[in-house]
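Novice: Quick one: the structure is below, and I'll ask about it shortly.
The values are calculated or read from the model by the stated rules, or taken from the named source; none is laboratory data. None of these values were measured; they are calculated from a predicted model. Because the Cβ atoms are built from the backbone with ideal geometry, glycine has one as well, and the counts that use them run over all protein chains shown.
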Amino acid sequence: MSRLPLFRAVVTPGRGGRRAPVALVILLGLVAGSGGAEAQAADDPAGEAAPSSSATVAIPYLGASDLKPAAGWTIADCGIVNGQAGNLPGVILACDGAGIGLTASAFDAEWGTRTLTVGLQNSAVRVEVDYRVVLEPPPAPTLNDVDYGYPVAQGAVLLVPLGDLSPTCTLCSTAGGAEVEVLGLSPQTAGIAAVSGTHLVLRTAPDFTGTATVQAGLVDDAGQASEPGEVTVHVAARGAAPADLGALHVVLARGVDASTAIDLAAISWNETGSDLLVACGGTSFGTVECTDDLSAVYTPGPGASVDQFSFQVVSVDGRQASGSVTLVADDLAEPLLGLSPVATAASAPLLVTPKVPVEGETAAGKNSGLSYLSALLATIGTRT
């Protein structure tokens with residue numbers, strides 16, 4: 001229980017109609033959720049005034065806080081309390097003599113701090129307390145770390161779907177101002193990092209080889225930033241031969257309920273003269289199945305208006321390329337259909353749908369198909 005300021009109150013006239021200049025010191029404590037405010041009294045003959053003071057009530061995100069007086073104290077007038085509901089939009093007040101319940105039915109990042117004046121009564125003693133009421137934001141968003149398990153040629157442009165970072169966010173919307181941003185690139189000589197609303201982009205330097213790390217962040221509608229999510233990239237020397245295997249990053253429309261068939265051969269090219277292996281990463285909400293004939297079937301799941309998956313194609317002699325598919329519900333204007341843009345900005349409005357965090361849920365196994373292919377490539381070797 002947090003300790004809050006002292007409050008003084010003056011007793012009304014005592015025996016024989018004479019005023020007894022005995023003041024009481026009230027100590028209030030507040031616990032959010034199932035806790036409450038408590039009051040204790042102690043003699044203080046030196047004081048006669050009742051100076052104004054206040055305490056803060058923080059209501060958990062879409063949760064509740066209780067204010068409960070200590071034994072012997074009651075709420076003096078629930079009518080006065082309930083009459084202040086108009087100053088607390090989105091908060092439901094429930095008042096009786098034993099205490100006050102405050103329940104947040106909505107969250108507004110611009111709500112600020114509001115005042116709730118409460119009268120406490122103990123026999124002839126009455127005090128008024130101005131509580132500062134605030135709405136607590138939801139948990140901050142999160143991004144996972146990713147080790148991109150395929151070599152990237154020096155001088156190449158790499159696009160990593162934001163969905164591969166498993167973003168979670170309780171309060172993220174494009175209209176509300178949610179953003180994704182690049183926080184850093186190490187070493188800086190590795191190239192230039194940027195971000196679009198759907199992808200993290202790394203333009204590798206033509207003279208760099210080795211391991212590079214891009215740090216990205218996610219900011220929600222309330223202005224809360226995630227801890228940095230790190231994408232580790234392994235840059236290899238470019239071969240002398242021209243690129244004869246490649247894949248695209250595309251944005252496609254999908255229906256609300258129906259599955260979507262995707263021809264991966266149409267968004268990749270193969271001039272190696274050999275057969276290809278293909279693997280698809282996981283989605284955030286739906287499911288995707290890839291087959292050896294370079295086709296994929298995406299089935300939407302509840303909760304996502306924008307979903308993504310990566311895919312990797314590899315020739316039997318070790319040449320490899322990566323692409324991605326971003327699927328957009330028919331009623332959305334963004335992201336635009338076609339090729340995913342190669343971003344140049346350090347921040348951008350978030351255009352993919354993050355998952356709402358669920359306690360105890362992890363993203364383990366999300367990219368099991370790509371993980372299997374990555375392990376296979378480690379055995380047969382790869383070429384850029």
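Novice: If I go through segment 147-196 residue by residue, how many of them are among the β-branched types (Val, Ile, Thr) and more than 21 Å from VAL250 (Cα to Cα)?
Specialist: Count: 5.
Novice: Does segment 210-225 hold any residues that are surrounded by fewer than 17 Cβ atoms within 10 Å (Cβ to Cβ) and modelled with pLDDT of 95 or more, and which are they?
Specialist: Just the residues of segment 210-225 that are surrounded by fewer than 17 Cβ atoms within 10 Å (Cβ to Cβ), to begin with: 210-211, 223, 225.
If the condition is that a residue be surrounded by fewer than 17 Cβ atoms within 10 Å (Cβ to Cβ) and modelled with pLDDT of 95 or more, then GLY210, THR211, ALA225 are the ones that fit.
Novice: Do we find a residue being touching an Asp or Glu at 6+ places or on another chain (Cβ under 7 Å), farther than 20 Å from GLN121 by Cα and either at pLDDT 85 or above or loosely packed, with under 15 Cβ neighbours inside 10 Å (or both) anywhere in segment 27-47?
Specialist: The answer is yes, given that some residue of segment 27-47 is touching an Asp or Glu at 6+ places or on another chain (Cβ under 7 Å), farther than 20 Å from GLN121 by Cα and either at pLDDT 85 or above or loosely packed, with under 15 Cβ neighbours inside 10 Å (or both).
Novice: Residues being at pLDDT below 90 and of a type in the set (S, T, N, Q): count how many of those fall in segment 285-313.
Specialist: 2
Novice: With respect to VAL288, is the statement that it is of a type in the set (A, V, I, L, M, F, W, C), out of contact with any Ser or Thr (no Cβ under 7 Å at 6 or more places or on another chain) and crowded, with 21+ Cβ neighbours inside 10 Å true?
Specialist: Details: of a type in the set (A, V, I, L, M, F, W, C): yes; out of contact with any Ser or Thr (no Cβ under 7 Å at 6 or more places or on another chain): yes; crowded, with 21+ Cβ neighbours inside 10 Å: yes.
Yes.
Novice: Something else now. For CYS172, all conditions in the list (1) of a type in the set (A, V, I, L, M, F, W, C); (2) farther than 30 Å from SER315 by Cβ; (3) in a strand (DSSP E or B); (4) outside the structural domain of LEU93 (by TED's automatic domain parsing) hold save one; what is the number of the exception?
Specialist: (3)
Novice: Related question: Among (1) at pLDDT 90 or above; (2) within 25 Å of GLY255 (Cα to Cα), there is one condition VAL342 misses while meeting the rest; what is its number?
Specialist: (2)
Novice: Could you say which residue among VAL91, VAL127, VAL57, VAL81 is at pLDDT below 90, surrounded by 14 or more Cβ atoms within 10 Å (Cβ to Cβ) and in contact with a strand residue (DSSP E or B) (Cβ under 8 Å, 6 or more places away or on another chain)?
Specialist: Within the list VAL91, VAL127, VAL57, VAL81, the selection yields VAL127.
Novice: Here is a follow-up. Name the residues in segment 251-277 that are under 14 Å from ALA296 (Cα atoms) and at pLDDT 90 or above, would you?
Specialist: LEU252, THR260, ALA261, ILE262, ASP263, LEU264, ALA265, ALA266, ILE267, SER268
Novice: Against the condition part of a loop (DSSP other than H, G, I, E, B), closer than 30 Å to ALA222 by Cβ and polar (S, T, N, Q), how does THR353 come out, does it pass?
Specialist: yes
Novice: What is the number of the single condition among (1) part of a strand (DSSP E or B); (2) under 30 Å from GLY176 (Cα atoms) that PRO89 does not meet?
Specialist: For PRO89, the failing item is (1).
Okay, residues lined up against (1) within 23 Å of the chain's Cα centre (by Cα); (2) in a loop (DSSP other than H, G, I, E, B); (3) surrounded by fewer than 17 Cβ atoms within 10 Å (Cβ to Cβ):
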| residue | (1), (2), (3) |
| --- | --- |
| ALA258 | no, yes, yes |
| ALA265 | no, no, yes |
| SER274 | no, yes, yes |
| ALA279 | no, no, no |
| ASP293 | no, yes, yes |
| TYR298 | no, no, no |
| PHE309 | yes, no, no |
| VAL328 | yes, no, no |
| LEU332 | yes, yes, yes |
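Novice: What are the residues in segment 124-167 that are assigned to a loop (DSSP other than H, G, I, E, B) and either of a type in the set (Ser, Thr, Tyr) or free of Cβ contacts under 8 Å to residues at least 60 places away in the same chain (or both), if any?
Specialist: Once the filter is applied, which keeps residues that are assigned to a loop (DSSP other than H, G, I, E, B) and either of a type in the set (Ser, Thr, Tyr) or free of Cβ contacts under 8 Å to residues at least 60 places away in the same chain (or both), segment 124-167 yields only SER166.
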